[in-house]
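Asker: If you scroll down you'll find the structure; I have some questions about it.
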Amino acid sequence: MYFISNLKKRLFDVRFWLTVAVTFIISICIYNHFKLQEEQWYVKILFETNSPSRMQLFYDTGRGFNEFDSKSFSYEDDVLNTLIIPLPFDQINDLRMDPSSALSQFRIHAFYISNLAQKIDIPLPLNTLKAYKGIEEWRIVDDKISFVTTNGDPQIRFRDIVEVIESAKIKHKPPQVERFLGYLLLLMIVFPLSLLFRDHFAYMFIVVGFWMIIYPGTYSPDSFWQLDQAIAHEYSNWHPPIMAIIIHYVLKVGLSLSFIVFVQLMLSIYSVRLLCFKVLEFFFPESRKETNCSIALLVVVMMVNPVSSFLFNATTLWKDIWVAILFLWVLVLVFHVAINVKYDRSPGLLSLVLLLFFTTICVLLRHNTILILLPVSVVMYVALIKYSMVLRITSILILVLLSKFSGVVIEKVYDVKNLHSENTVMSNELVGLMVLRPDLHNEFPHTSSALKSDYKERWQWSRYNLLRWYKPTIVDESYITDSRDERLIEEYKKAILNHPFTMAKVKILNFIPNLGIQETERYVEPMIARNEYGMEYNSQYRMLRGKIMSFTGSVANHSIYRWFYAVHFIYFIVCILCLIYALFWFFRERVLYRLLVISVFAIPFLYYCSYMLASVGRGYRYMLPSTWAIQCILFTVLLGFILKTIFSRFKSCKPT
């Protein structure tokens with residue numbers, strides 16, 4: 001009955017039919033996205049070699065052979081390698097395969113044109129392949145091709161392969177009537193959903209639209225580090241293992257990484273939306289629901305516009321993004337508690353349990369988030385103000401103990417290997433101390449003896465890669481180890497105790513580059529790092545994706561645009577100003593709910609400052625959780641204030 005009555009009200013509503021139309025178009029795009037997987041063809045090669053390297057397949061789509069129109073994959077030696085390389089949807093004029101860039105011996109067992117979705121393998125006669133350049137000892141024996149590549153640029157070309165590919169595409173193309181029936185089924189599903197969930201389709205349009213463009217998501221080397229551990233079910237603590245453990249169980253139930261990224265993107269958008277509603281409910285309680293919905297949508301648009309890297313970061317498999325999402329939820333719950341305390345209501349047990357749970361997961365994902373335990377403890381204390389002191393103290397103890405010992409339990413249960421990542425933090429700051437105070441070399445013999453002669457010239461603040469990854473390093477490779485280093489610990493303690501002000505300066509100088517005042521590093525990392533899983537961006541939306549990536553990536557170097565989104569310093573200052581105002585607001589009238597507003601801004605502020613205590617690398621993503629939180633609150637309050645001012649002026653106007 002509700003459906004029928006709602007349908008009668010919406011029957012002549014233009015906005016409803018517009019929602020149906022837009023949603024149907026989005027659904028068709030999604031449907032076509034997955035149907036196109038049935039029309040995706042691949043080159044499958046089975047071969048052996050005596051030297052590991054990379055194979056690159058070039059396809060000429062009318063622009064000749066070039067690096068942009070190519071795919072490359074790594075392979076191993078002394079095993080039967082199976083490379084599956086996707087072909088573009090464009091018209092292919094010719095193919096070229098570069099098997100290696102070094103002197104190697106090869107034996108090709110089989111060569112197929114394949115369609116994985118339809119489970120089709122079309123074997124190609126091996127005489128289809130021909131040595132073109134840099135190939136020696138080419139011969140076909142026992143239905144296998146053996147050859148040797150030279151140190152030049154070895155290339156293999158193909159005879160009549162274009163005709164084989166095109167005939168396979170035509171022969172195995174799904175019937176059009178199947179697609180028409182799919183569209184009809186979509187319309188039958190979309191119509192009632194549009195009626196029931198009209199307010200959510202704008203958000204789903206953003207989520208699904210961008211997910212299709214960026215599919216299967218963005219994965220950095222850190223992402224694949226986590227994935228490798230999840231698949232092997234063997235963990236280390238270089239990155240906190242909780243993320244890899246979660247990925248392991250997600251994969252175990254049959255879901256994929258792209259599903260994780262989709263959920264991550266959806267949670268990012270909806271977390272912003274939910275925080276907007278809570279901010280408006282607290283600061284503008286008289287605002288109507290329709291107005292709040294409009295403001296929330298505007299804030300989401302401000303967060304996801306192409307100048308911002310929000311969408312690219314939200315589709316990157318990083319622990320920092322998980323922390324950012326949890327930060328938004330923590331603030332939602334803090335505002336929820338503040339609203340209930342303001343109106344003398346109970347916030348509810350579930351809200352406090354969720355607050356405790358989300359805070360604990362934050363600490364497990366990023367150890368420096370332990371600083372937010374202080375403001376969260378204040379929230380727990382105020383939320384239980386009507387109950388006994390014993391219960392309040394117990395809740396805070398549970399929060400602290402869970403945050404402290406849950407990581408220890410995980411390391412014991414999953415036998416996590418300790419790589420002593422703290423060695424990198426300590427060594428980075430000790431080398432910084434040597435840069436500022438060369439006269440202390442004799443006082444720190446372990447560190448000074450490891451320094452190379454050009455360490456001062458090559459030193460850069462907050463650039464720990466110079467100590468481990470960038471070759472040649474500025475210290476001896478034996479200086480930083482993956483085991484407990486007593487000499488390093490002893491020197492670090494001595495530096496803190498004997499030279500506290502200089503070490504404070506070192507920490508501040510390491511902290512400043514991440515604020516992005518002079519430059520913003522890695523504002524966008526739109527890439528899928530080289531991997532052994534064959535993961536790469538879809539080719540359907542390559543041109544559109546490239547344009548968005550290029551524009552958003554250029555923001556970091558723009559003299560004006562970068563100050564709106566790409567500079568943490570702006571939002572760090574806003575956070576400090578809001579925190580100071582909240583303190584004055586509380587001391588002017590000491591009401592408990594105003595104390596919770598201090599906690600709201602103390603959470604992102606302390607997370608910013610945590611990188612002052614221990615910062616080793618540069619990157620926009622490190623301070624992202626705090627910046628997302630401040631942006632969301634700032635944009636919401638500004639829009640709420642603007643609309644409130646406009647509406648109040650309209651109300652004050654009287655007809656003459």
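The values are calculated or read from the model by the stated rules, or taken from the named source; none is laboratory data. The shown structure was predicted, so the numbers you read here are calculated from the model rather than taken from an experiment. Neighbour counts are summed over all protein chains in view; Cβ atoms, including those assigned to glycine, are modelled from backbone coordinates with ideal geometry. Surface accessibility is based on the protein's heavy atoms, side chains included, excluding ligands, DNA and RNA. Shrake-Rupley method; radii C 1.70, N 1.55, O 1.52, S 1.80 Å.
Asker: Do the conditions hold for L364, that is, is it within 22 Å of W318 (Cα to Cα) and in a helix (DSSP H, G or I)?
Answerer: Yes, satisfied.
Asker: Would it be correct to say that L488 is touching a strand residue (DSSP E or B) at 6+ places or on another chain (Cβ under 8 Å) and crowded, with 16+ Cβ neighbours inside 10 Å?
Answerer: no
Asker: Taking interchain pairs and intrachain pairs at least six residues apart, which have beta carbon atoms under 7 angstrom, with the first residue in region 606-623 and without any contact (Cβ under 8 Å) to a residue 40 or more places away in the chain and within 22 Å of V431 (Cβ to Cβ) and the second assigned to a loop (DSSP other than H, G, I, E, B) and open to solvent by 10 Å² or more (accessible area, probe 1.4 Å)?
Answerer: Every condition considered, no pair remains.
Asker: For the condition polar (S, T, N, Q), closer than 20 Å to L509 by Cα and assigned to a helix (DSSP H, G or I), what is the one hit in S610, S615?
Answerer: Exactly one residue qualifies, and that residue is S610.
Asker: Out of the residues in region 491-534 that are of a type in the set (S, T, Y) and modelled with pLDDT of 90 or more, state the one that is farthest from N557 (Cα to Cα).
Answerer: Only one residue tops the list, namely Y492.
Asker: Continuing with this model, one more query. Taking V261 as the residue in question, decide whether it is part of a helix (DSSP H, G or I), open to solvent by less than 50 Å² (accessible area, probe 1.4 Å), modelled with pLDDT of 90 or more and under 30 Å from L634 (Cα atoms).
Answerer: yes
Asker: So which of L419, L436, L497 is free of Cβ contacts under 8 Å to residues at least 40 places away in the same chain and either closer than 22 Å to N368 by Cα or surrounded by fewer than 21 Cβ atoms within 10 Å (Cβ to Cβ) (or both)?
Answerer: None of the others qualify; the one that does is L497.
Asker: OK, next. Restricting attention to region 106-137, which residues are over 16 Å from R159 (Cα atoms), open to solvent by 70 Å² or more (accessible area, probe 1.4 Å) and either touching a strand residue (DSSP E or B) at 6+ places or on another chain (Cβ under 8 Å) or of a type in the set (F, W, Y) (or both)?
Answerer: Passing the criteria: R107, L116, D121, E136, E137.
Asker: Among residues belonging to region 453-480 that are under 20 Å from W238 (Cα atoms) and open to solvent by 60 Å² or more (accessible area, probe 1.4 Å), point out the one that is nearest to the chain's Cα centre (by Cα).
Answerer: Once the filter is applied, the top-ranked residue is W469.
Asker: Can you confirm whether region 345-363 contains a residue that is in contact with a Leu (Cβ under 7 Å, 6 or more places away or on another chain), surrounded by fewer than 15 Cβ atoms within 10 Å (Cβ to Cβ) and not basic (K, R)?
Answerer: No.
Asker: Let me ask you something else. Taking interchain pairs and intrachain pairs at least six residues apart, which have beta carbon atoms under 7 angstrom, with the first residue in region 73-92 and closer than 20 Å to M535 by Cα and in contact (Cβ under 8 Å) with a residue 12 or more places away in the chain and the second surrounded by 13 or more Cβ atoms within 10 Å (Cβ to Cβ) and basic (K, R)?
Answerer: Within 7 Å, the pairs are F73/R54; S74/R54; S74/R530; T82/K44; I84/K44; I85/K71; P86/K71.
Asker: Of all residues in region 77-90, which are assigned to a loop (DSSP other than H, G, I, E, B) and more than 19 Å from I145 (Cβ to Cβ)?
Answerer: Listed by number, the residues that qualify are L87, P88, F89, D90.
Asker: Inside region 228-241, can you point out the residues that are assigned to a helix (DSSP H, G or I) and either surrounded by 20 or more Cβ atoms within 10 Å (Cβ to Cβ) or of a type in the set (D, E) (or both)?
Answerer: D228, Q229, A230
Asker: I need the full set of residues from region 505-517 which are open to solvent by 40 Å² or more (accessible area, probe 1.4 Å) and either of a type in the set (D, E, K, R) or closer than 30 Å to Q56 by Cβ (or both), in order please.
Answerer: If the condition is that a residue be open to solvent by 40 Å² or more (accessible area, probe 1.4 Å) and either of a type in the set (D, E, K, R) or closer than 30 Å to Q56 by Cβ (or both), then K505 is the only one that fits.
Asker: If only one of T520, T502, T552 is closer than 19 Å to M623 by Cβ, polar (S, T, N, Q), open to solvent by less than 40 Å² (accessible area, probe 1.4 Å) and not in a loop (DSSP other than H, G, I, E, B), which one is it?
Answerer: T552
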